[in-house]
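J.: Dumping the structure here so I can ask a few things about it.
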Amino acid sequence: MEKSVVNPWEVSGVIDYDRVVREFGVQKIEDTLLKRFEKIAGESHFMLRRGIYFAHRDLSWLLDQYEKGNKFFLYTGRAPSGPMHLGHLMPFVITRWIQKVFDVDVWIQFPDEEKFLTKNDLTLEKTREYMKENMIDIIALGFDPKKTHFLIDTQHANLMYKEACKVAKKITFSMVKSSFGIDESSNIGWIFYTSMQAVPAFLPSVLKNKKMPCLIPHAIDQDPHFRLTRDILPKLGYSKPASIQCTFLPPLQGAEGKMSSSKESGAIFTTDSQKEVETKIRKYAFSGGRDTLEEHRRHGGNPDVDISYQYLKYFFESDDSELGKIHRKYKSGEMTSGELKQIAIDKINGFLKEHQKRRKTAEKQIEKFIYKV
Ligand code: TRP
């Protein structure tokens with residue numbers, strides 16, 4: 001089998017998440033920890049319950065701190081490089097939920113230089129344009145404007161650069177080389193970049209002049225950045241940030257890699273029309289059904305590889321008993337692939353209809369979210 005790759009610049013192949021846990025040195029979110037988290041939160045979230053957020057670092061420590069009255073803040077981010085698809089929304093959905101149930105501040109970084117540095121064809125002007133669109137998507141998820149702060153690397157440079165230098169001084173080229181798989185031919189902006197991504201994990205503590213715990217929800221490919229951040233922050237007098245990691249929403253074609261904007265036919269974008277969603281699911285969504293209806297009725301389908309089912313599980317059917325029913329019916333052959341696809345289409349379109357409506361009001365709110373120095 002082809003070896004899978006998971007790092008901030010590349011995700012490909014069939015990802016074995018148990019191997020990722022071992023190789024990255026993250027902890028699996030075990031049941032007792034999950035129960036404790038839910039108890040303190042007073043609610044449960046399906047992405048946690050279903051293991052879509054499957055790993056963490058220092059989550060129990062974070063909860064200890066919380067119970068001692070030392071509230072944490074949340075930190076996550078988005079490097080603008082194009083329009084957002086459903087996979088991109090996952091860390092923001094959980095972040096918004098944690099903000100709500102714990103009533104905490106959220107810091108969202110928009111490193112508008114990151115993809116400019118690491119991708120050949122992007123200008124800074126272009127990443128700016130994407131950034132605005134991305135902000136609209138994120139605001140549309142319902143973040144609290146009083147408790148959510150956007151940091152833009154090039155715009156908040158006066159605030160961030162000084163702190164990034166403190167981080168950079170503690171990181172050697174060889175540490176970056178091994179963490180990110182870059183080499184002598186990589187541009188030096190790319191080498192420095194990780195120190196900018198470390199900053200929001202302690203900037204709120206700098207601004208408040210008080211050490212606050214930090215929780216970072218992120219997709220597992222970002223972990224190399226935060227492994228370095230965790231090494232460095234204690235040397236600067238701050239605690240290591242805690243984190244939770246999610247798996248990738250699979251692309252339409254099936255189990256390999258992640259939903260990606262570079263393959264138009266592999267992704268559903270937040271601005272897709274109802275018709276486009278329907279076509280994409282009908283035409284491209286990998287089906288776990290049998291070749292003929294007769295065989296399907298007799299042997300049943302395979303929900304574990306069926307993309308329509310996976311999207312319901314990952315994102316669009318939060319009700320466990322409803323999802324269980326679909327699983328049973330599809331597996332027994334009572335539900336056809338066409339019927340399953342229709343459920344996914346309706347659910348995704350229902351979400352997008354609301355989301356696109358909220359995008360309209362979100363556009364006028366951007367200024368409220370940008371951190372004022
Ligand atoms: N590097 C991330 C990306 O490619 C952006 C990012 C910045 C981020 N800070 C973060 C992601 C914190 C998760 C958590 O989109």
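Throughout, read-outs are computed from the coordinates displayed, never taken from laboratory work. These numbers come from a predicted model, not from an experiment. Quick reminder, even Gly has a Cβ in these numbers, built from the backbone with ideal geometry, and neighbours come from all protein chains shown.
J.: Calculate, in nm to one decimal, what Trp61 and Gln356 gain on full extension: separation in residues at 0.36 nm each, minus their alpha carbon distance.
T.: Fully extending the segment from Trp61 to Gln356 adds 102.4 nm.
J.: Can you tell me the orientation of helix 274-284 relative to the chain, as the angle in degrees between its alpha-carbon axis and the longest Cα principal axis, to the nearest 10?
T.: 70
J.: Got a sec? Which residues in the stretch 70-89 would a label at Arg50 touch, if it sits 7 Å along Cα→Cβ and we count backbone N under 15 Å?
T.: 86-89
J.: Determine the sum of side-chain charges near Ser60: Lys and Arg each +1, Asp and Glu each -1, restricted to other residues whose C-beta is under 14 angstrom from that of Ser60. Working shown, then result.
T.: Numbers: positive: Lys28, Lys35, Arg36, Lys39, Arg57, Lys68, Lys240; negative: Glu30, Asp31, Glu38, Asp58, Asp64, Glu67.
Net charge in that neighbourhood comes out at +1.
J.: Could you pull out the trypsin sites (Lys or Arg not before Pro) across the stretch 63-136 that fall in loop regions by DSSP (anything but H, G, I, E, B) with no more than 16 other Cβ atoms inside 10 Å?
T.: Working: sites: Lys68, Lys71, Arg78, Arg96, Lys100, Lys115, Lys119, Lys126, Arg128, Lys132; in loops: Lys68, Lys71, Arg78, Lys119.
In loop regions of the stretch 63-136 (DSSP not H, G, I, E or B), the sparsely surrounded trypsin sites (Lys or Arg not before Pro) are Lys68, Lys71, Lys119.
J.: Please work out how much length the chain gains when fully extended from Glu334 to Glu125, using 0.36 nm per residue of separation minus the C-alpha to C-alpha distance, in nm with one decimal.
T.: Once the chain is fully extended between Glu334 and Glu125, it gains 70.0 nm.
J.: At 0.36 nm per residue, minus the direct Cα-Cα distance, what do Lys146 and Glu294 gain on full extension? Give it in nm, one decimal, please.
T.: Details: separation 148, 0.36 × 148 = 53.28 nm, distance 5.67 nm.
Gain on stretching Lys146 to Glu294: 47.6 nm.
J.: Just to be sure I understand: with springs between alpha-carbon atoms less than 10 Å apart, which residue in Thr148, Thr292, Thr172 has the highest mean-square fluctuation in the Gaussian network model of the chain?
T.: So, out of Thr148, Thr292, Thr172, the one fluctuating most is Thr292.
J.: Mind giving me the FRET efficiency for Ala157 and Glu184? R0 is 30 Å, r the Cβ-Cβ distance, nearest 0.05 is fine. Display every interim value, and only then the final one.
T.: Numbers: r = 27 Å, r/R0 = 0.90.
Here the calculated transfer efficiency is 0.65.
J.: Add +1 for every Lys or Arg and -1 for every Asp or Glu among the other residues with Cβ under 15 Å from the Cβ of Ala198, and state the total.
T.: Once all neighbours under 15 Å are counted, the net charge is +3.
J.: Just to be sure I understand the model, the point goes 7 Å from the Cα along the line to the Cβ. What's the resulting Leu33 to Leu207 distance in nm?
T.: Between Leu33 and Leu207, the label points sit 2.9 nm apart.
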